[in-house]
Amino acid sequence: MLPRQLKVLVCIVLTGIIGLSFSGANVSRITVFTVTTDTVKACGSSTTLTTQNVPGYSNPIWNDGTTGTSLTVTSPGDYWWQVTGTSVVTNGDFEAATTNSTTRGFTSSYTYKKATSSCNGCCCGVLSNEGTYTINTDPHNIHTNFTSMGDHTTGTGQMLIVNGAATANVTVWTQNINVQPNTDYVFSVWVTSVNPQNPAQLQFSIDGVPLGATISPSSNDGNWQYFTTTWNSGNRSGSLPIALVNQNIAASGNDFAVDDIVFAPVYRKNIHVIFNPIPVLALTGPNSACGTYDLTQTIINYDSATYNYVFTDSQGHVITDVNAGAITQSGTYTITEQNKVTGCTSAPVTTTITIKPNPQKPGISPSL
Ligand SMILES: [Ca+2]
Ligand SMILES: [Ca+2]
C-alpha cells in the first residue's frame with residue numbers, strides 16, 4: 001500500500017502527463033509559435049473573448065465563422081480564433097500583367113487565350129473552346145454566352161476566366177510556393193459560375209494530393225462564393241506546388257471565374273472556457289443592537305472558509321474589523337462576498353443597522 005501522501009503525488013504527476021499530452025495534440029495543429037491553449041475562467045453564464053494582436057497577422061475569424069476581435073460566448077467549452085498572415089501567392093488577385101506568362105505568376109494545364117486575339121470560326125469569342133482560359137475584367141468580353149460581371153477584388157479588376165474541359169483532374173491553376181514546417185496554412189479562393197449550366201467542381205491540391213471538400217459554386221452567375229481549407233505542413237518545407245483542379249467533366253457549361261487566391265500561414269489560439277457561479281449573498285435585517293454590532297451576524301450562511309467578505313459603510317469606506325463590537329454607528333452597510341477559489345464576487349447587498357445606546361446603570365445618574 002502506498003502512503004497517502006505518495007498516492008496524492010502520483011495522482012498529480014499523472015494528471016500533469018495527461019494535461020501535457022492533451023496540449024501536445026493541440027500543438028500539432030497550430031503554428032509553431034502558438035504553443036498554448038488559454039483557459040478562461042469566467043463568472044456567471046456569459047463572457048466576451050478577445051483576440052490578441054499578432055504582428056503581421058490580421059482578419060480574425062472565430063470557430064463559428066464570425067469575424068472581428070471579440071466573441072461573446074454563453075456556454076462552457078472549447079473555442080478558437082485565428083488570424084491570417086501574408087499570402088505567399090503571386091498575383092492571386094490576377095491584377096498583374098496577363099499576356100506575359102512570367103508575371104502571370106501561375107501555370108495551367110488549360111490553354112491560355114489572349115483576350116484580344118481573334119478566333120477564326122469560333123461561335124462566341126476567344127474562349128469558345130473547352131479547356132481554355134484567359135484573364136480579363138469581364139467574362140462577357142471573351143465569350144458572348146458568359147455573363148457580364150465584375151471581378152471579386154474591386155469589381156473593376158481582373159479575374160481568371162475558364163471554359164472548363166470535359167476531362168477530370170485537369171489543373172486549372174498551379175503555383176509553386178515556399179512553405180515553413182509545422183505551420184498551419186489557409187488556402188482560399190473566390191469562385192463564381194459565369195454560365196448557369198453544370199457549375200464547376202474544383203478541388204484544392206497540394207503537392208498533387210487533393211485537399212478538402214469539392215468547391216462547387218452555385219449556378220447563380222456573378223455570385224462570388226468563398227471556399228477555404230486548412231493544411232498543416234508537418235515536416236514539409238521548401239517549394240511545393242499548390243493547385244486548383246477541375247473535376248467536372250461536363251462539356252456544356254462548366255464555365256467559371258476565379259479570383260483572390262490566398263495561401264497564407266494562420267495563427268490559431270485555442271481557448272477553453274469555464275464558467276463559475278456568481279455567489280448569491282443574503283442578509284438579515286434591518287437589525288438593531290445595543291452599543292455595538294458584529295456585521296458578520298447579518299450574513300445568512302456566513303462562511304469565511306469559502307468566501308472573503310468586504311464590508312463598507314454608507315460613505316463607502318471599507319471596514320476592516322467587522323467582528324464583535326466593530327460597528328458602533330447606526331447606518332446602511334454594504335457587503336459583498338467573493339469565492340476564494342474562483343474569484344467570483346456577489347452583487348453588493350445592503351442592510352440597515354440601528355445602534356441603541358446602552359442603558360445607564362442605576363444609581364449613577366447625575367440627577368440623583
Ligand atoms: Ca481580381
Ligand atoms: Ca464550357
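No value in this document is a laboratory result; all are computed from the given coordinates. It should be emphasised that the depicted structure is a prediction, and the values quoted were computed from it without experimental measurement. When we count neighbours, we look across all protein chains shown, and the Cβ atoms used for this are built from the backbone with ideal geometry, even at glycine.
Bin all alpha-carbon pair distances of the chain at 10 Å intervals from 0 and give each bin's fraction as a whole percent. The percentages, shortest bin first, are 5, 17, 18, 14, 12, 9, 8, 8, 5, 2, 1, 1, 0, 0. Enclosing the Cα atoms of the stretch 71-189 in their convex hull gives a volume equal to 183 cubic angstrom per residue. When only Cα pairs below 8 angstrom with a gap of at least 6 residues are kept, the stretch 287-356 shows a relative contact order of 41 percent. Taking only the C-alpha atoms of the stretch 101-266, Rg followed by Dmax gives 15.6, 53 Å. Return one number: the angle in degrees, 0 to 90 and rounded to the nearest 10, between the long axis of the Cα atoms of helix 4-27 and the longest principal axis of the Cα atoms of the chain. Here the helix axis deviates by roughly 30 degrees.
Assuming a ≥ b ≥ c are the square roots of the Cα gyration tensor eigenvalues, decide whether the stretch 290-338 counts as rounded (a/c under 1.5), prolate (otherwise, with a/b larger than b/c) or oblate. The shape class here is oblate. Across the chain, the relative contact order, built from alpha-carbon pairs under 8 Å that are at least six residues apart, equals 18 percent.
Radius of gyration over Kirkwood radius for the stretch 136-202, both on Cα atoms: the Rg/Rh ratio is 1.04. Report note on the peptides 139-151, 308-320: ranked by the mean count of other C-beta atoms within 10 Å, highest first, their order is 139-151, 308-320.
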